[in-house]
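A short write-up of the structure that comes next.
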Amino acid sequence: MEREVKIIRRERHDFLNHLQILKGFFQLGKYDKVLEYIDRISHDIRKRQEYFRLFDPKTALILTDLYYLLDSVEATLTISIAKRVQYNKDLGQKVERFVLENWDLLNTSGAKKEVKIIIDDFSKIELLIGDNLLIQGAL
């Protein structure tokens, strides 16, 4: 329940921030920026909705929480899933463990950072910094 409350608070906080930014663009008459901003936040929301479409609720909540955690250090969470492939029900916990074990790398690097989950016949998780694959593990 604690994770759910944390996510709801984060979503509410972000929603109010988005409204402030949109209000500012409107007041400045920057209507093209309003449309760009709406497109960007819509894309982010759809990305998080995918977690709930693809995974069970517990896993989706863990991934949503990790999405925000990674966002706080300007890192991205990318999921690539092959059609008709079953994922392990403890996927969320494995990804969370991987992120926390590698937190120092994610928190210090100034380059582009990505945690990539690939679910197929040989599921794996990767940590990329810049264009370099630093760590790879099986899921």
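The values are calculated or read from the model by the stated rules, or taken from the named source; none is laboratory data. No experiment lies behind these values; they were computed from the predicted model shown. We place every Cβ from the backbone using ideal geometry, glycine too, and count neighbours over all the protein chains shown.
Taking ALA60 as the residue in question, decide whether it is among the small types (Gly, Ala, Ser), under 16 Å from the mean Cα position of the chain (by Cα) and crowded, with 20+ Cβ neighbours inside 10 Å.
Values: among the small types (Gly, Ala, Ser): yes; under 16 Å from the mean Cα position of the chain (by Cα): yes; crowded, with 20+ Cβ neighbours inside 10 Å: no.
Against the criterion (among the small types (Gly, Ala, Ser), under 16 Å from the mean Cα position of the chain (by Cα) and crowded, with 20+ Cβ neighbours inside 10 Å), ALA60 does not qualify.
The rows are residues; the columns are (1) under 19 Å from PHE52 (Cβ atoms); (2) touching a residue at least 24 places away in the same chain (Cβ under 8 Å); (3) among the small types (Gly, Ala, Ser).
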residue: SER80; (1), (2), (3): yes, yes, yes
residue: GLY92; (1), (2), (3): yes, yes, yes
residue: PHE98; (1), (2), (3): no, yes, no
residue: TRP103; (1), (2), (3): no, no, no
residue: ASP120; (1), (2), (3): no, yes, no
residue: LYS124; (1), (2), (3): no, no, no
residue: LEU127; (1), (2), (3): no, yes, no
residue: GLY130; (1), (2), (3): no, no, yes
residue: LEU134; (1), (2), (3): no, yes, no
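Contact map, the stretch 1-15: first residue within 14 Å of THR64 (Cα to Cα), second residue of a type in the set (S, T, N, Q), Cβ cut-off under 7 Å, separation 6 or more or different chains; pairs are ILE7/THR64.
Does LEU106 fit the bill of being in contact with a helix residue (DSSP H, G or I) (Cβ under 8 Å, 6 or more places away or on another chain), farther than 21 Å from MET1 by Cα and not in a strand (DSSP E or B)?
Working: in contact with a helix residue (DSSP H, G or I) (Cβ under 8 Å, 6 or more places away or on another chain): yes; farther than 21 Å from MET1 by Cα: yes; not in a strand (DSSP E or B): yes.
Yes.
Mind checking whether some residue in the stretch 51-65 is at pLDDT 90 or above, part of a helix (DSSP H, G or I), closer than 22 Å to GLU2 by Cα and touching a strand residue (DSSP E or B) at 6+ places or on another chain (Cβ under 9 Å)? Looking through the stretch 51-65, at least one residue is at pLDDT 90 or above, part of a helix (DSSP H, G or I), closer than 22 Å to GLU2 by Cα and touching a strand residue (DSSP E or B) at 6+ places or on another chain (Cβ under 9 Å). Applying the set (1) among the small types (Gly, Ala, Ser); (2) in contact with a strand residue (DSSP E or B) (Cβ under 9 Å, 6 or more places away or on another chain); (3) in a helix (DSSP H, G or I) to SER80 leaves exactly one unmet item: (3). Of the set (1) part of a helix (DSSP H, G or I); (2) modelled with pLDDT of 90 or more; (3) surrounded by fewer than 16 Cβ atoms within 10 Å (Cβ to Cβ), all apply to VAL73 but (1).
Scanning the stretch 120-133 for residues that are in contact with a helix residue (DSSP H, G or I) (Cβ under 9 Å, 6 or more places away or on another chain) and modelled with pLDDT of 90 or more turns up ILE125, LEU127, ILE129. Of the residues examined, ASP65 is one that is in contact (Cβ under 8 Å) with a residue 24 or more places away in the chain, farther than 22 Å from GLN136 by Cβ, surrounded by 12 or more Cβ atoms within 10 Å (Cβ to Cβ) and charged (D, E, K, R).
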